[in-house]
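**Student:** Take this structure first; my questions come after.
Where a number appears in this text, it was derived from the coordinates with a stated rule and is not lab data. Keep in mind that this is a model prediction, so the values were computed, not measured. Glycine also receives a Cβ, built like all others from the backbone with ideal geometry; neighbour counts cover every protein chain displayed.
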Amino acid sequence: MKKDIAIYTLTSPLHDEQAVAAVTREFLDTMRFDYDFRGADYADYGSHALQLIFVRTGGTEGVFRQLLPQLRAQAGQPFYLLASNKSNSLPASMEILSYLNQQGLRGEIIHGDPDYVNRRVATLELVATARQKLCGQRLGIIGKPSDWLISSQPDAQAVKAALGIELVDIPIDELVEEYEKAPQPAVENACDNEKVNAALPGAMRIQTALEALIKRHNLNGFTLRCFDMLTAVKNTGCMALAHFNARDIVASCEGDVPAMLSMAIALAVTGKTGFQANPSHIDPITGEILFAHCTIQFNMVNRYTLDTHFESGIGVAICGYSPEGPMTVFKVSSDLKRWFAEDAELLRSQAKPDLCRTQQVIRLADAARTRYFFTQPIGNHHVIVPGHYAAAFNELLQSL
């Protein structure tokens, strides 16, 4: 897939163009990513996911200062300056970045060996593309956050300003009305548990009702005050949420808005929404954490079984088994000003009867980071995302 990266240039008129062109070719030949070379034509600056300005020579500081009003108006992202080790490229880049900082603007010089430069650009492009995906999304809050989520209330204004995401409040009664209109599907027995088999048609009706709300409100995802469904329709949303997350529609539990935002960011960055779960046990010495919840997206597991919802003993829940390997533990606050992102490893999945049905034992890369959970946790739910993406999550949130 072609990356949406554009490279622009800054060149002093005092330098010989033929010599500079040769150095430019040599430098750009080390780039291992696709890009649109725009040269000194800045007319479309700001229209790509990621803009890089190659400071080809010294003596370009004044040229940049004259361009800055135009560039500032066209793009709101930081200024990324590519600097080579020739023609005073790096000193000029440092003077330009110092000027940007004086103006209260953010920027970064990308300089070093080709491996570093390519890795850095890959991270920046991933984050820039993720921000493009998030901007303009509509995420529903179906039934408000659960009463026990006292630190997880939404900050719609901050979310809109930072990521361009609109939070949409939807009464739980609207979902119940759609449930009552949904036809009762004919479903074959899926397991040996009679209670689960009896609850399957109702679980599928909840999914149908949620589909109607997604379409009506033009949603990219939602969080559901799912415990209300236990009393309203005597069933759970666990199965529906597993299906939606596997289809890249963010679906979080308990009306948890920060968890929903974390899953939306995870999807934009990694292509998967992740597993929303509670830490049930933490070992601060080994860095091992047992996470558990009653639903997990189907494309995160090798196999699964169906069970009843843990707390209530009714409805349909998912007991999923994910492949061992790299994971990231991630969570953002409701105003996006705080976050936790740590690379980790999934050691094993398990299925003990005294916990929510899907259970994962995760070991953090840095055991000392468990202190966060004991001193400054961002709510109880966290999101487990396949792969190591802590650096990308940190980059995205630091850029806001």
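**Student:** Could you work out the helix-only [θ] at 222 nm for the chain, with each DSSP H run of four or more residues adding -39,500 (n - 2.57) and the total divided by the number of residues, to the nearest 500 deg cm²/dmol?
**Tutor:** Values: 12 runs with 146 residues, N = 400.
Calculated from helices alone, the mean residue ellipticity at 222 nm is -11500 deg cm²/dmol.
**Student:** Taking 1 over the mean of 1/r across every pair of different Cα atoms in the chain, what Kirkwood radius in Å do you get?
**Tutor:** 23.1
**Student:** Right, another one. Treat the count of other C-beta atoms within 10 Å as a stand-in for reagent exposure and order T129, T273 from fewest to most.
**Tutor:** Ascending Cβ contact count within 10 Å gives the list T129, T273.
**Student:** Provide the gained length on full extension for the span R138 to T375, in nm with one decimal, where the gain is 0.36 nm per separating residue minus the Cα-Cα distance.
**Tutor:** 82.1 nm
**Student:** Would you mind getting me the FRET efficiency between E311 and R119? Use the beta-carbon distance for r and R0 = 56 Å, nearest 0.05.
**Tutor:** On the way: r = 45 Å, r/R0 = 0.80.
So the FRET efficiency works out to roughly 0.80.
**Student:** Going down the list K181/K352; K86/K133; K195/K272; K144/K234; K195/K215, which pairs span over 29 Å between their C-alpha atoms?
**Tutor:** K181/K352; K86/K133; K195/K272; K195/K215, as the Cα separations exceed 29 Å there.
**Student:** Over the Cα atoms of segment 5-134, what is the Rg over Rh ratio if Rh follows Kirkwood?
**Tutor:** 0.93
**Student:** Straight-line reach from K337: which lysines have Cα under 19 Å away, leaving out those fewer than 8 places along the same chain?
**Tutor:** Partners found: K160.
**Student:** Note the full-extension length gain between D248 and R348 as 0.36 nm times their separation in residues minus their Cα-Cα distance, in nm to one decimal.
**Tutor:** 33.5 nm
**Student:** List the residue ranges in the chain for DSSP H helices whose C-alpha atoms run 18 angstrom or more along the long axis and whose Kyte-Doolittle average is 0.5 or above.
**Tutor:** Working: long enough: 61-74 (19 Å, -0.34); 89-102 (20 Å, 0.27); 114-134 (30 Å, -0.30); 194-217 (36 Å, -0.05); 257-270 (19 Å, 2.03).
Answer set is 257-270.
**Student:** With r defined as the distance between the Cβ atoms of T231 and M94 and R0 fixed at 56 Å, what FRET efficiency is calculated, to the nearest 0.05?
**Tutor:** 0.35
**Student:** In percent, how large is the relative contact order of segment 140-398, given Cα pairs closer than 8 Å and 6 or more residues apart?
**Tutor:** 19
**Student:** Whole Å is fine, so just give me how far the alpha carbon centre of segment 235-254 lies from that of segment 306-346.
**Tutor:** A separation of 12 Å, based on Cα centres.
**Student:** Let me see the pair-distance distribution of segment 96-142: every alpha carbon pair, 10 Å bin width, integer percents in order.
**Tutor:** 21, 28, 34, 13, 4
**Student:** Please give the length that would be gained between E324 and H217 if that part of the chain were fully extended, namely 0.36 nm times their separation in residues minus their C-alpha to C-alpha distance (nm, one decimal).
**Tutor:** Length difference between fully extended and current span is 34.8 nm.
**Student:** A further question follows. Please give the charge dipole size of the chain, origin at the Cα centre, charges +1 on K and R Cβ atoms and -1 on D and E Cβ atoms. Round to the nearest 20 debye.
**Tutor:** Computed about the Cα centre, the dipole is about 220 debye.
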